[in-house]
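A short reminder: the numbers here are calculations on the coordinates, not readings from a lab. Treat the numbers as computed from the prediction; the structure is a model and nothing was measured. Positions of Cβ are generated from backbone atoms using ideal geometry, with glycine treated the same way; all protein chains shown enter the neighbour counts.
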Amino acid sequence: MINLPSNDAFNIVTLGSWNPAIFSPEWAKNHLADDKEKDVILAIPMQMNLPPRLTVDEVNIYPSVQALVIDCIENEKNSFVACSRKLKLIASLLQHTPVSAVGINFKFAFEIAEAPLLIELFSFNDAAKLDSDKYKLTSSTVKRTFALHDSTMLNFSIESKTDRFLCEFNFHSDIRQLSEITEKTSTSQIENCRSQAIEFMNTVYGIDLNE
């Protein structure tokens, strides 16, 4: 299996009308940091359309006008606890921020040879009719949306590239206020979403992510 960058394999995205100016290093250190003696690191991206990144206690925070994204430096089980705690704290501090949805997201990548059932999925009926010299296929994507029993929507996509498959799970929940974040992004809820993703890949495509 291909190892994704640790902070690209899991994140939490909260959609809303955020004020990125609030998230200064000084504010983050005073209000979000567990260790007040440790510096909060601010990273400015080279691309103007990307948000800055604040790193507080091993948690990365990306504030923008439309969304607040949180992930961790290391993608491990403790990351779920750290991200959940930081988001809960932000919600308590900025409780009047208008929000519309929250998503728990996981990504998994595989080499082509490791997923024969996915190869079958991307055997499109129209492939034989396409002139491969004129239309050089570089990637294909299959997307589906499923309604789950807890009012969560699962947006699932698989992208086929030259040498690998990239599978993305987005567990989407509509929310009206930040007070709902505590339940929607608790550590147990994050772990439950990850377990569902692992079971989905194993049951449907015969891929054991526990290995």
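Work out, step by step, the length gained on full extension between E183 and A147: first 0.36 nm times the residue separation, then minus their alpha carbon distance; give nm to one decimal.
11.1 nm
In Å and on Cα atoms, what radius of gyration and Dmax does the range 136-211 show?
That works out to 14.8, 49 Å for Rg and Dmax.
Amide H to amide H under 5 Å from N60: which residues, 5+ apart in sequence or cross-chain, H placed 1.01 Å off N in plane?
Those qualifying (amide H under 5 Å, at least 5 residues apart or on another chain) are D71, C72, I73.
In nm, what is the difference between 0.36 nm times the number of residues separating S92 and D133 and their Cα-Cα distance?
Between S92 and D133, full extension yields an extra 9.1 nm.
Between S157 and I22, what is the label-to-label distance in nm when each label sits 7 Å out along the Cα-to-Cβ direction?
Label at S157, label at I22, 2.9 nm between them.
So for the range 52-133, what percent of the C-alpha to C-alpha distances run longer than 22 Å?
Value for the range 52-133: 49 percent of Cα pairs lie more than 22 Å apart.
What is the spin-label model distance, in nm, from V81 to M48 if the labels are put 7 Å beyond Cα along the C-beta direction?
4.3 nm
Would you mind giving the three semi-axes, in whole Å and largest first, of the ellipsoid equivalent to the range 1-112 according to its Cα gyration tensor?
23, 17, 15
Could you list which residues have their amide H under 5 Å from that of A67, counting only those 5 or more apart in sequence or on another chain, with H placed in the peptide plane?
G16, W18
Applying a 10 Å radius around every beta-carbon, put 61-72, 192-203, 146-157, 127-138 in order of their mean neighbour count, most first.
Put in order of decreasing packing, that is 61-72, 192-203, 146-157, 127-138.
What are the radius of gyration and Dmax of the chain, computed over its Cα atoms and given in Å?
In Å, with Rg to one decimal and Dmax whole: 19.2, 64.
How compact and how long is the range 16-67, expressed as Rg and Dmax of its alpha-carbon atoms in Å?
11.1, 32
I'd like the distance between the alpha-carbon centres of the range 151-180 and the range 103-133, rounded to an integer number of Å.
18 Å
So what's the angle, to the nearest 10 degrees on a 0 to 90 scale, between helix 77-93 and the longest Cα principal axis of the chain?
The answer is roughly 50 degrees.
Taking only DSSP H segments of four or more residues, each worth -39500 (n - 2.57), what value at 222 nm results for the chain once the sum is divided by all its residues, to the nearest 500 deg cm²/dmol?
Helix contribution divided over all residues of the chain: -7500 deg cm²/dmol.
On a 0 to 90 degree scale, rounded to 10, what angle separates helix 187-205 from the longest Cα axis of the chain?
Result, in degrees: 0.
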